[in-house]
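Let me begin by presenting the structure, written as structure tokens, before commenting on it.
The values are calculated or read from the model by the stated rules, or taken from the named source; none is laboratory data. Given the structure is predicted, the values throughout are model-derived calculations rather than measurements. Glycine gets a Cβ as well: all are built from the backbone with ideal geometry, and neighbour counts include every protein chain shown. SASA here: full protein model, heavy atoms, side chains in, ligands and nucleic acids out. Shrake-Rupley method; radii C 1.70, N 1.55, O 1.52, S 1.80 Å.
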Amino acid sequence: ELNSRDVCINAMPLFHIGGLSCSILATIAAKSSVICCMKFDAAAFYDTITGIGIKPTWYSAVPTIHLTVLQYGNAISRGAKPTHALRFIRSGAAALSHADAQKLNDFWGVPIIPTYSMSEQMPISGKNVNLNLEDRPDTVGQPLMCSVALVADGNCRPTSPFGQQGELIISGDNVMRAYENAEEANNKTYVYIGDKRYLRTGDIARMDGDGFLY
């Protein structure tokens, strides 16, 4: 979705995989630009989005930051819609509720993209920018950079049919190979289904018939 004309304002710490992958590496890959804040401040962040000069066209943040900026924006705008150049807003690192996503969409008037990731694999899933929030509310999108499966018990037997809950496990070239010097943790984390090696996320999920994760 990114192009060379896009400008990201980074709200994520750069010692974290979210800030590095989304704000920096994605920006470099698209040959676009990024504005890095020294630290997060809701007023400065909002002013950068709505002020004069170079205007960000997207940003990625955790729900807490989204809601803090939204609260500040509602207080300062007093019901008026802000002027900005945002094309979309990405959310990750924690679950963004459908209600909060709708509040962001109502205020900024741009698509909200919920995603799902972890330090061991970035990203796992994401939602298409053209998919309306009302379509499949609360989904974190479809798998992007890895294979996924849901398993039902400690023996890691795949669940069936679609819609049944299970632990999400992931596999692929981008998935972290191992925890360093942690044999016990690795033995608990990695499992095989056939000859395919999967990492156990520890997260409970379900998947619908079109591959959307919840």
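Some points to look at:
- Each Lys and Arg adds +1 at its Cβ and each Asp and Glu adds -1 at its Cβ; summed about the Cα centre, the chain shows a dipole of about 520 debye.
- Annotation note: trypsin sites (Lys or Arg not before Pro) in segment 55-101 located in DSSP loop regions with a Cβ neighbour count of at most 12 within 10 Å are Arg78.
- Average accessible surface area per residue within segment 145-214, 1.4 Å rolling probe, Å²: 63
- Summarising the strand pairing of segment 1-121, around 10 percent of its internal DSSP beta bridges are antiparallel.
- Per residue, segment 1-74 exposes 51 Å² of accessible surface when a 1.4 Å probe is rolled over the protein heavy atoms with every protein chain present.
- Between helix 98-108 and the chain there is an angle of about 30 degrees, using the helix long axis and the longest principal axis of the Cα atoms.
- Cα gyration tensor shape of segment 147-214, rounded if a/c is under 1.5, else prolate or oblate by comparing a/b with b/c: prolate
- Think of it as helices only: each DSSP H run of n ≥ 4 in the chain is worth -39500 (n - 2.57), and spread over all residues that comes to -6000 deg cm²/dmol at 222 nm.
- Per-selection Kirkwood Rh - segment 37-143 (Cα, Å, 1 d.p.): 14.3
- The chain, relative contact order in percent, only Cα pairs under 8 angstrom and at least six apart counted: 14
- Taking the inverse of the mean 1/r over every pair of distinct Cα atoms in segment 79-136 gives a Kirkwood hydrodynamic radius of 12.3 Å.
- Over all Cα atoms in segment 125-166, the spread is summed up by Rg and Dmax: 12.9, 38 Å.
- Longest stretch of the chain clear of exposed loop sites (GluC sites (Glu not before Pro), DSSP loop, at most 16 other Cβ atoms within 10 Å, sites excluded): 2-133.
- Entries in Lys127/Lys188; Lys55/Lys103; Lys31/Lys103; Lys31/Lys196 that, when Cα-Cα distance is taken, lie over 24 Å: Lys127/Lys188; Lys31/Lys103; Lys31/Lys196
- Restricting the trypsin sites (Lys or Arg not before Pro) of segment 139-214 to loop positions (DSSP other than H, G, I, E, B) with no more than 14 neighbouring Cβ atoms within 10 Å leaves Arg177.
- Over the chain, equivalent-ellipsoid semi-axes from the Cα gyration tensor in Å: 34, 20, 14
- Measuring nothing but alpha carbons in segment 12-63 and taking Rh as the Kirkwood radius, the Rg to Rh ratio lands at 0.95.
- Here the gap between Asp173 and Ala85, fully extended at 0.36 nm per residue and compared with their Cα-Cα distance, gives a gain of 28.1 nm.
- Fully extended contour minus Cα-Cα distance, from Asp195 to Ala182, at 0.36 nm per residue: 2.4 nm
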